[in-house]
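Asker: Once you've had a glance at the structure underneath, I'll fire off some questions.
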Amino acid sequence: MRIPFDQLCHILCGILEKRGMDSEEAALSARLFVSSSADGVHTHGLNRFPVYVSLIDRGYIDVKASPVCESRIGVIERWNGRKGPGNTNAWKAMGRAIELSHENGIGVVSLRNTNHWMRAGSYGLEAVDAGCIGILWTNAMPNMPAWGASDARIGNNPMVLAVPYKDTPVLVDVAMSMFSYGKLEKYRLEGRQCPVDGGFDEQGLLTRDPGAIEKTRQVLPMGFWKGSSMAIALDLIVALVSGGKTTKEIGELDCETEVSQIFMAIDLSLFPDKYGMEHRIGETLSFIDSSIPREDGACVHYPGEGMMRKRRESERLGVYVDDSVWEKVQKL
């Protein structure tokens, strides 16, 4: 079905307010969920909302908590998320990184003791809307085997790189696994196979079956040993800079909570060659888009173009909502 953007925001906001969340905070959290679905990222939009509410109900997310700054080292600030809502904590952290970048050219906010930030790309878009490059990542519970291992001891640790460009920025939002668990769930619900091998089944064989991968929790690292190495390095960097927990330490908890995150913003308006930047970006992206497709009738696009097409479709027709997900939301 299709539901108007504002109507969805109103419904989700009301659900959060009933659980004690401040009205302004609830409105921001709801908008982040609905915006994700409007951009076509259903796995970390409305589809994830029932899980988010269940974590509130179980006491893992404190709806009354707001992040606080604990220390500053140069352009780096260390914040404590105090187990507050992950998406609003992340939005505030990136907002502060943007403020610091306006003062210093670059701003870095590290955030510990927070919760899952839902769609990571939301905070990259927040940065580009302010004219900044955005770089951010998070660690996670152990949900991926290190390269050559059969048990999950590292996180897939999603990372975002965002570059402003007119109304269609470059947005790279990727986990260090071939597919996030949200994407695996999406393929399974749609009765589809992964387009390429995504992990291992119970026999230890590579498979495209999303349900089999979810069962073993043996997702394949992106780029094999390269994704495994990236995940390990990202985990250590974010934990050390924030003073927060590592993936190993998160895995010792009852639930994926108290994660560590980092947000960087680079203010392009402060650079002496700022007026030529958009032209250079445009030339590069046009060069990529004019690539020769491998298959007849296919198109080559830079990361972010598809998202904007989905957003315009949602503005015109309403936000697409899966029937089974909508049933869960109504029960809340």
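The values are calculated or read from the model by the stated rules, or taken from the named source; none is laboratory data. All values reported here derive from a predicted model rather than from experimental measurement. For neighbour counting, all protein chains shown are included, and Cβ atoms are generated from backbone atoms with ideal geometry for every residue, glycine included. Note: areas computed on protein heavy atoms with side chains; ligands, DNA, RNA excluded. Shrake-Rupley method; radii C 1.70, N 1.55, O 1.52, S 1.80 Å.
Asker: Find the residue count for the stretch 206-235, including only residues that are outside any loop (DSSP other than H, G, I, E, B), open to solvent by 70 Å² or more (accessible area, probe 1.4 Å) and either under 18 Å from Leu189 (Cα atoms) or touching a Ser or Thr at 6+ places or on another chain (Cβ under 7 Å) (or both).
Answerer: Residues flagged as outside any loop (DSSP other than H, G, I, E, B), open to solvent by 70 Å² or more (accessible area, probe 1.4 Å) and either under 18 Å from Leu189 (Cα atoms) or touching a Ser or Thr at 6+ places or on another chain (Cβ under 7 Å) (or both) within the stretch 206-235 amount to 1.
Asker: Looking at Arg82 and the list (1) surrounded by fewer than 24 Cβ atoms within 10 Å (Cβ to Cβ); (2) touching a helix residue (DSSP H, G or I) at 6+ places or on another chain (Cβ under 7 Å), which single condition is not satisfied?
Answerer: All conditions pass for Arg82, except number (2).
Asker: Another question, then. Report the residue count in the stretch 104-136 for those that are open to solvent by 20 Å² or more (accessible area, probe 1.4 Å), at negative phi and part of a loop (DSSP other than H, G, I, E, B).
Answerer: 2
Asker: What number of residues within the stretch 155-186 satisfy the criterion of being open to solvent by less than 20 Å² (accessible area, probe 1.4 Å), farther than 27 Å from Asp129 by Cβ and not in a loop (DSSP other than H, G, I, E, B)?
Answerer: 2
Asker: What residue, among those in the stretch 86-96 that are open to solvent by less than 10 Å² (accessible area, probe 1.4 Å) and in contact with an Asp or Glu (Cβ under 8 Å, 6 or more places away or on another chain), is nearest to Lys64 (Cα to Cα)?
Answerer: Filtering first and then ranking leaves Thr88.
Asker: Within the stretch 23-77, restricting attention to residues that are modelled with pLDDT of 95 or more, outside any loop (DSSP other than H, G, I, E, B) and among the hydroxyl-bearing types (Ser, Thr, Tyr), which residue is nearest to Arg2 (Cα to Cα)?
Answerer: Ser37
Asker: Against the condition of a type in the set (D, E, K, R), surrounded by 14 or more Cβ atoms within 10 Å (Cβ to Cβ), at pLDDT 95 or above and within 25 Å of the chain's Cα centre (by Cα), how does Glu252 come out, does it pass?
Answerer: Spelling it out, it is not the case that Glu252 is of a type in the set (D, E, K, R), surrounded by 14 or more Cβ atoms within 10 Å (Cβ to Cβ), at pLDDT 95 or above and within 25 Å of the chain's Cα centre (by Cα).
Asker: While we're here: Is it the case that Leu8 is assigned to a helix (DSSP H, G or I), open to solvent by less than 70 Å² (accessible area, probe 1.4 Å), at pLDDT 95 or above and touching a strand residue (DSSP E or B) at 6+ places or on another chain (Cβ under 9 Å)?
Answerer: Answer is yes for this residue.
Asker: Give me a count of the residues in the stretch 247-272 that are of a type in the set (A, V, I, L, M, F, W, C), closer than 20 Å to Tyr52 by Cα and assigned to a strand (DSSP E or B).
Answerer: Qualifying residue count, the stretch 247-272: 1.
Asker: Quick one: in the stretch 313-325, which of the residues that are modelled with pLDDT of 95 or more and of a type outside the set (Ser, Thr, Tyr) is most open to solvent (accessible area, probe 1.4 Å)?
Answerer: Result: Arg316.
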